[in-house]
Every structure is written in C-alpha cells, then in structure tokens.
Amino acid sequence: MSKSKGMSLIEGQDNRLIGACFRILELQGEQLPLNFETPVKGAKIIDQVIASKEATSEEKETMGPTLIAEAEQSLLSLDEFDWIKDNERACYFLWASIYLNSYAEYPAHPLALQTQEHQPQYIHFYSQHNLKSNPSNSKERFGEVVNYFDRVRQPREWKLNLIAHLKGIWGHIFSSRKPFSWLEKDNEEQCRWAWDYISKIDWDNSKPMISQLSATSTKEMYFAIYAAYDTWNAATEAKRLFTIDFNKAWQQKKHRDSRQGKKACSLVLHEDIKNKLDELAKTRKVTLSQLVEQLIEKEHSSTLKRD
C-alpha cells in the first residue's frame, strides 16, 4: 500500500478483490457505482470513500487493510474450481446446479432439509446477483460460477460446504458409465434430435427438464443435454429407464432413416445358394442386403451395355 495525506491507499489489484471490497462497503451503506472499469479505478473509488469518512487519520490508516482482509476472507481460492476448469461437462453441471436450485442459508448446511424442528430459509441466490442466465460458452460459464461464489452473501464455510457437496456428486457422475455413448458434441443431427426429444412436454417427470437451459451452438446443445440429465433430481431407477428409452428411440430413428427409399423383397433360395451368399457377404464384409444390391447393380449395368 502507498500513502497519501496520511491515509493508506488500496493499490489496484485483481477484479475479484476490488469487487469484494465494493460489496462490503455497500453493506455498510456506501453508495458506489455498479461497476468499475479496471481494478486501479476501482481502488481509487475505494480510496475516495475512505478519505470522505469522518474519522481521524489514524482510523483511516487502518480502514484499507481491514477492508482488504475482510474481502480476502470472503473469496475462495481459484484452486477450489480446478475440477471444472478443463472439463466442460463438469463446468456446465456446477453452473446448472447453482442456477437451477435453491439452498439453505447459513448457519444451516446449504443442503439442509426442512423438518418440523428445523426450518431453514431457502433462497435462490443466483438470480439476485446480476449474473448471466445464459452463458454462451464454457469460459463464460466458469466465470459466472466464480462470480456466484464471490457475490453470494454467505460465510466462507457455507461456500466450501456447497462446493464439496457438488464436487462429490460430480465424482459419482464422472466415475459412472457415460449414459449416451452415441451422442457426439459436433454432430448437429444427433444433438438437435436429442434436444427435441427431451424438450417435449412430459407430465409425469419421467425425463430431465431442459426448458430453463439454452444453446447457441451444437456443442452448447450437447452440454446442455448432459447438464439437464446430470442435475435431474430423480431416482437411480428412473434415470436408468430414461436412458434405456432415450437410447432406444435414437436407434429406432436411425433404423427408420436407413430404410428410407427401400422396399422389402422376399426371395426363396436353394440352401446351397443361400450359403454361398452368406460366404460372399462375409468375405466382402457387407450385409446380405448390401451384397444383393451390389450384384444386381453390376449385372444390370453389364446387361444394359451389351444391349
């Protein structure tokens, strides 16, 4: 820190720390701008607030360090978010969890259940902190997750408990078999079909809800589908049945598409001819239908040339 007129000046540091200082001063009743352009400019605003206070020089001298210490205590280390930094599905899971859910206030554990003896207050914090409701990519999503934990007005212990709980859920998801192995994040046809399938109105809650999520690209659609599934608060058996139905519906669609423009043809062949067809198909590594089509195309082309 540097000094000016006997007052400690808060040096321009990172955005998170200056933002935390702003929030503390606002709780103390100070009127501050909604945003600051740079950490340096934010620090100057804080200096001005301290300078304007009716206090002795000695008292003002301690205000800066006290404010910074309190701000630092309110912020979690970025190390707490390492598990989502390079895993886009995990990042979407954590963001969707805090975006879609409400949590119990301190001193209760964030996931405390309401009982007759204990009735914690439940608040949907995300919407109260000027955060993006639809981040457009994983980088934005990561930033909003950090912003949420910076801005939510709950003690450090509460924040750590919530992260630990959600990290534990993710650990189980990560170690489980991928439910939709056929779904590819760069395949627009697959992702659009899956999105439409899940988006259809479901009155008995037998599938995850995706209506509160959005997508701006095929890749975003892919991660939103997984986030809806990962955050779906359903019994294990319900998830298993949905996964079976979902995967089966896609396979049926593929089968229908593969039969477009084709007609069934029933032939009765001598057993030795059928065996020869099977042998040819196996040698060429094609199906019987494909083999018959190839043979007919070849003969048809050869016959027309002779004619």
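Points worth noting:
- Among the residues here, ASP82 does not qualify as in a helix (DSSP H, G or I), acidic (Asp, Glu) and more than 30 Å from THR231 (Cβ to Cβ).
- Residues located in region 85-110, provided they are open to solvent by less than 10 Å² (accessible area, probe 1.4 Å) and out of contact with any helix residue (DSSP H, G or I) (no Cβ under 8 Å at 6 or more places or on another chain): ALA104
- Of all the residues in region 172-219, those that are in a loop (DSSP other than H, G, I, E, B), touching a residue at least 40 places away in the same chain (Cβ under 8 Å) and among the β-branched types (Val, Ile, Thr) number 1.
- Members of region 45-68 that are closer than 18 Å to ARG23 by Cβ, in contact with a strand residue (DSSP E or B) (Cβ under 6 Å, 6 or more places away or on another chain) and either open to solvent by 60 Å² or more (accessible area, probe 1.4 Å) or among the charged types (D, E, K, R) (or both): ASP47
- Hits in region 171-224 (condition: acidic (Asp, Glu), open to solvent by 40 Å² or more (accessible area, probe 1.4 Å) and closer than 30 Å to PRO110 by Cβ): ASP204
- Under the condition of being of a type in the set (S, T, N, Q), within 18 Å of ASN187 (Cα to Cα) and at pLDDT below 85, the residues counted in region 250-282 number 1.
- Subset of region 87-132 (residues that are farther than 20 Å from PRO155 by Cα and modelled with pLDDT of 95 or more): ASN87, GLU88, ARG89, ALA90, CYS91, TYR92, PHE93, ALA96
- Filter result for the condition that a residue is modelled with pLDDT under 90 and touching a helix residue (DSSP H, G or I) at 6+ places or on another chain (Cβ under 9 Å), over THR38, THR56: THR38
- Those residues of region 228-244 which are loosely packed, with under 13 Cβ neighbours inside 10 Å and assigned to a helix (DSSP H, G or I), in sequence order: THR236, GLU237, ARG240, ILE244
- Just one of the listed residues (GLY143, GLY168) is open to solvent by 40 Å² or more (accessible area, probe 1.4 Å), of a type in the set (Gly, Ala, Ser) and part of a helix (DSSP H, G or I), namely GLY168.
- Residue within region 262-280 that is over 30 Å from ALA108 (Cα atoms) and in contact (Cβ under 8 Å) with a residue 60 or more places away in the chain present: no
- Criterion applied to ASN161, ASN247 was being of a type in the set (S, T, N, Q), part of a helix (DSSP H, G or I) and touching a residue at least 60 places away in the same chain (Cβ under 8 Å), and the one residue passing it is ASN247.
- Single match in GLY19, GLY42 (criterion: open to solvent by less than 30 Å² (accessible area, probe 1.4 Å), touching a residue at least 40 places away in the same chain (Cβ under 8 Å), farther than 30 Å from MET209 by Cβ and out of contact with any Pro (no Cβ under 8 Å at 6 or more places or on another chain)): GLY19
- Residue count for region 146-158, restricted to those that are touching a helix residue (DSSP H, G or I) at 6+ places or on another chain (Cβ under 9 Å) and either part of a helix (DSSP H, G or I) or surrounded by 17 or more Cβ atoms within 10 Å (Cβ to Cβ) (or both): 9
- Taking every residue in region 121-138 that is free of Cβ contacts under 8 Å to residues at least 40 places away in the same chain and in a loop (DSSP other than H, G, I, E, B) and pairing it with any residue that is surrounded by 13 or more Cβ atoms within 10 Å (Cβ to Cβ) and among the charged types (D, E, K, R), at least 6 positions away or on another chain, the pairs with Cβ-Cβ distances below 6 Å are GLN121/GLU105; HIS129/ARG151; LEU131/GLU144; LYS132/GLU144.
The values are calculated or read from the model by the stated rules, or taken from the named source; none is laboratory data. No experiment lies behind these values; they were computed from the predicted model shown. Virtual Cβ from ideal backbone geometry, glycine too; neighbours counted across all protein chains shown. We work out accessible area using only protein heavy atoms, side chains counted, and drop any ligands, DNA or RNA first. Shrake-Rupley method; radii C 1.70, N 1.55, O 1.52, S 1.80 Å.
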